[in-house]
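Trainee: Before we start, here is the structure in question, set down as structure tokens.
The values are calculated or read from the model by the stated rules, or taken from the named source; none is laboratory data. Treat the numbers as computed from the prediction; the structure is a model and nothing was measured. Backbone-built Cβ (ideal geometry, glycine too); neighbour counts: all protein chains shown.
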């Protein structure tokens, strides 16, 4: 049988033997190599580009691959069938896996900014009072012939006296180490304590004096991107932060394709493996390495994910989520043993999952709402999370209404031919000179980093700047000509942000009319959902005192640009507040504090879920919003003024 | 490197490659083949006999192997060094492993007798009231667009209404199956329920109508023998019963050698593996196969073992148990997840361990005392467990005093050249004709089963009958001559119970003066410990209203014989009550019932531990008891009368 070799940009190689006739994408699935395939391999997205090194796979013609690209060795993995031994390079943009893991530089204020601000806000709001774990050093009386109490009771007695607790229990992890550790350390110990079933549990014990004795993990599991943070549970310090593409990406870009795949034989296990073993385990290992923290010092894991991601993480049968009457297995889930879900973690680590609210509003949103101060205020706020789905929450300290809309993965770089996650090489901000049409780019990474693609914030800027410069019209079609505006055989226009020679992957970074169409639909979905949610309560945009904008879409959002393209209502910029990845920020708070966890559960119970697909007016609203900025110009007076 | 092949009597072969010069016993340890080596391989016990098939290992001369045996192919594994490829047969008597597993025939009234009597007594005593698990079938209202509650809350709502319980929780095992199972079974389910942390937990769910929906395991982990029973948790029915040698036997016969081995590098893991993977896992698999019960239908495991066995089972550091001031890691241990201790069990199975009372009185005794009715009565009882250690409990409903004595493994066939566990081929009862000196034997197994060795009850009978017939004297030395009394080169006598031609393994089944010496020390240890314990409270044997005799020593005990040899006080036989393996019976009660579990914990707290090694008079008492029946004849008036 032919052998297919996948080489990652980083140099790592994975080989697999496959029958001739299999597509490279199928071979990649078999080998566990994750290649972005948002369309699920149907040939409609053009994202699964790989570069041929050796071999001659048979590729069907596809509109997403030009003759020049083909000549340069590019192939679409989904429509290239193996004919013999083949080797391909999987570029960074196509790999949601391994090379996609990026641990953040914590000295970078941009990395910490929004994240730390949220933690400070939550502390000020008083929800961080009760720590989830306590670290306590204690000295015991050594046993004598007159005092032969067993070691566990000896420790329990000392802790009960010190803490004033009625019942102390020991985990098996702690019990296993107890006798040796006591005798090696002169009967002194550091105890990792937590409340557990009405008692104080000694989750683990250490010799005195080790650094970071108790750590924890906050994880935001997005449909496209997984982000995580490693914390010192004693002082709340952020020890490492990292993100990676969700390994499930090869089973489709959206939650529905994932659910469908999960119902196939072995599918639920495949999807669990893709997100756990191929994503989380590697991400966690990278963070622990970065911070110098052994894996078994993680005692608590807090997960925020959408309802489908939560189900697939636990290996649950998710089909009823997508079938009328849209009933998931759970909203709220008991505290679990982390090792039951993520192999390699300590048996004494616990896992909490932020509660879901509906089939399409999950724990990422309850955690995100916690991170906003929406629930604290008497005034009305609108919370918008820009992810693969867009989720919105309208409310205040008294009530909360929420809904989801299928924005698609455009804000995370999906559905956009040169789109990518907000990692090295991503263009995160763009200016375009009206006269020359020349762009100025901000690229994530070290100084001198060449651009590789566009992340969410870069796409918003590009669309706004193209529109402002008259290069595209209100329907997202190219209206001017110039050096940077090219057209293909069929007349479809594209704008070149970076020429191949200046780009990291040696090909032009462009945005084309299909991308623009996808993006306009995404922003239209968000705007129309916001509009409808406000209508449900009978309020207008002017009644909203604050807009919380969340999402890991790059270096923040230029609100001026977002209003220009009609993504957000035309209101003063100071009402908009970008809080970054609010799911991760909320999960981090839940990780550190039992009171934050209790608050999140309470928020989950208070949120009322509106199913937009049951709202007959949604489609009309959506269609009207699929223009720049909107079909109803009166909704965007400042934009009209600026452009006229 | 030479290859050593071990062939079990059953035909199974295990091969291992070893450096030349290694002993066969070391090779067996490396290959995971358990060979009885009570002396730990020092050449002093003669139990590690194997029969050479091919090859020529170099064997040092050893008093435990005669020239005839050597010529017949027998070798001692501990003093035979590998010189090249070698194959040996590991006979039943030498193998504490695999072939040693015996599932019991439940239709045999002898198998059920004492066991069922205990369960009935406990039921009558009212400690079986609260079942540990409940099995409940329930029907849910299917969801509609108006009632979109998630599946877990739907189940919780229905159960709360049915049980009147305040809080219902679901295990992850149940949650994983929930959505699919509901939809496949018309929203009807069988729930396995238990109390867990103040709530009722749904441990698992099944489709309606399966047999034995909830099972459990009771396990008695002895130093020499491991016994287990599989129960239907719904009705308490015994589904299977089995026993095997403890795989740790190759690290030494007594708990001290095991503890010492456990402190060597990797030792604690080796000992855990020997009892868990090489003994329990196989034993459980055999019972599940026997009863046709899948492994994942076991939801509760109840363990009774001595303090050392309990520590080694959990992989704890056990050294402080044997070092002054003799402090173990624990007496009472939290309820654990069974899968953390025994791989392959369901994540929703729990494991409870009967509490230890002292370093040398463990959970096997608290469970055993539960099984006796000692704690129920106002009258004084003495409970004696005949195992590798002898443990004694003196008391009544008001107080209990307990102690342990190193009886050695003689009652389980250890330390006796032809000793064996009470399994197929074991001589369990013996009569010897005074005139002809010819024996009549009862052998365990199918009719026609040839004798292979002697189990505990057979040894007691043999010693008593030899003594009664005047074949041996009060010191256990041979005093008569005859066909069946042989002497070796050094003049050491032996009595032939079965000639090679009539024996299962093709060699004489004998008892020699070393065996007699070992046995007399064992019975002396028991008698003197009983004596001393009574002295502590200031009572004499006549004050005791009942003697509970426990131990898996064969087909019960002939009390007349046991008194004749001075093992028990000279009292009317009707005061003695044999309750079989009381540890297993007690563990079975704890398995089935939370109230039995609570009672056992209470018994553990009430028992006062006396350390005999701290009693200066114990050694004198012991030496006086090392005669048949005793140096002080006045203690055994009926024996004197019978013999004179």
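Trainee: Would you confirm whether any residue within region B:166-178 is outside the structural domain of residue B:302 (by TED's automatic domain parsing), under 30 Å from residue B:601 (Cα atoms) and over 39 Å from the mean Cα position of the chain (by Cα)?
Mentor: Yes - at least one qualifying residue is present in region B:166-178.
Trainee: Under 7 Å between Cβ atoms, which residue pairs at least 6 apart in sequence (or on different chains) link something in region B:5-34 that is within 11 Å of residue B:81 (Cα to Cα) with a partner that is at pLDDT 80 or above and in a helix (DSSP H, G or I)?
Mentor: From residues that are within 11 Å of residue B:81 (Cα to Cα), the pairs are B:18/B:27; B:23/B:77; B:23/B:78; B:23/B:79; B:24/B:77; B:25/B:77; B:25/B:78.
Trainee: Please go through region B:326-354 and pick out each residue that is facing another protein chain (nearest Cβ under 10 Å) and under 19 Å from residue A:156 (Cα atoms).
Mentor: B:326, B:327, B:328, B:329, B:330, B:331, B:332, B:333, B:334, B:335, B:336
Trainee: Could you list all residues from region A:554-593 that are free of Cβ contacts under 8 Å to residues at least 24 places away in the same chain and closer than 29 Å to residue A:242 by Cα?
Mentor: The answer is A:559, and nothing else.
Trainee: Across region A:35-55, what is the total count of residues that are in contact with a strand residue (DSSP E or B) (Cβ under 8 Å, 6 or more places away or on another chain) and closer than 19 Å to residue A:261 by Cα?
Mentor: The qualifying residues number 5.
Trainee: As an exercise: evaluate residue B:109 against (1) touching a helix residue (DSSP H, G or I) at 6+ places or on another chain (Cβ under 6 Å); (2) more than 28 Å from residue B:594 (Cβ to Cβ); (3) more than 10 Å from chain A (Cβ to nearest Cβ) and give the number of the one condition it does not meet.
Mentor: Status for residue B:109: all satisfied but (1).
Trainee: Then there's this: Taking region B:66-76 as the region of interest, how many residues are closer than 16 Å to residue B:44 by Cα and modelled with pLDDT under 85?
Mentor: 1
Trainee: Within 12 Å of chain A (Cβ to nearest Cβ) and outside any helix (DSSP H, G or I) - does that describe any residue in region B:264-274?
Mentor: no
Trainee: Mind listing whichever residues of region B:288-313 are assigned to a helix (DSSP H, G or I), within 14 Å of another protein chain (Cβ to nearest Cβ) and touching a strand residue (DSSP E or B) at 6+ places or on another chain (Cβ under 8 Å)?
Mentor: Within region B:288-313, B:310, B:313 meet the criteria.
Trainee: Which of (1) in contact (Cβ under 8 Å) with a residue 40 or more places away in the chain; (2) over 22 Å from the mean Cα position of the chain (by Cα); (3) farther than 30 Å from residue B:424 by Cβ is the odd one out, the single condition residue B:602 does not satisfy?
Mentor: Unmet condition: (1).
Trainee: What strands (runs of 3 or more DSSP E), lying completely within region A:121-238, carry at least 2 residues that are closer than 30 Å to residue A:368 by Cα and either within 14 Å of another protein chain (Cβ to nearest Cβ) or free of Cβ contacts under 8 Å to residues at least 40 places away in the same chain (or both)?
Mentor: A:188-196, A:199-206
Trainee: Answer yes or no as to whether residue A:361 is in a loop (DSSP other than H, G, I, E, B), away from chain B (no Cβ under 12 Å), touching a residue at least 40 places away in the same chain (Cβ under 8 Å) and surrounded by 23 or more Cβ atoms within 10 Å (Cβ to Cβ).
Mentor: Yes; evaluated as a whole, the condition is true for this residue.
Trainee: So which residues in region B:187-220 are within 30 Å of residue B:307 (Cα to Cα) and modelled with pLDDT of 95 or more, if there are any at all?
Mentor: B:194, B:203, B:214, B:215, B:216, B:217, B:218, B:219, B:220
Trainee: Moving on to the next point. Given the structure, is residue A:619 part of a helix (DSSP H, G or I) and either under 20 Å from residue A:326 (Cβ atoms) or in contact with a strand residue (DSSP E or B) (Cβ under 8 Å, 6 or more places away or on another chain) (or both)?
Mentor: Answer is yes for this residue.
Trainee: Which one of A:194, A:188 is over 27 Å from residue A:339 (Cβ atoms) and not assigned by TED's automatic domain parsing to the domain that holds residue A:586?
Mentor: None of the other options fit; the residue is A:188.
Trainee: Pick out, from region A:1-92, the strands (runs of 3 or more DSSP E) lying fully within it that include 2 or more residues that are under 21 Å from residue A:504 (Cα atoms).
Mentor: A:3-8, A:49-54, A:74-76, A:86-90
Trainee: Select, from B:456, B:408, B:358, the only residue that is touching a helix residue (DSSP H, G or I) at 6+ places or on another chain (Cβ under 6 Å) and within 30 Å of residue B:329 (Cα to Cα).
Mentor: Residue meeting the stated conditions: B:408.
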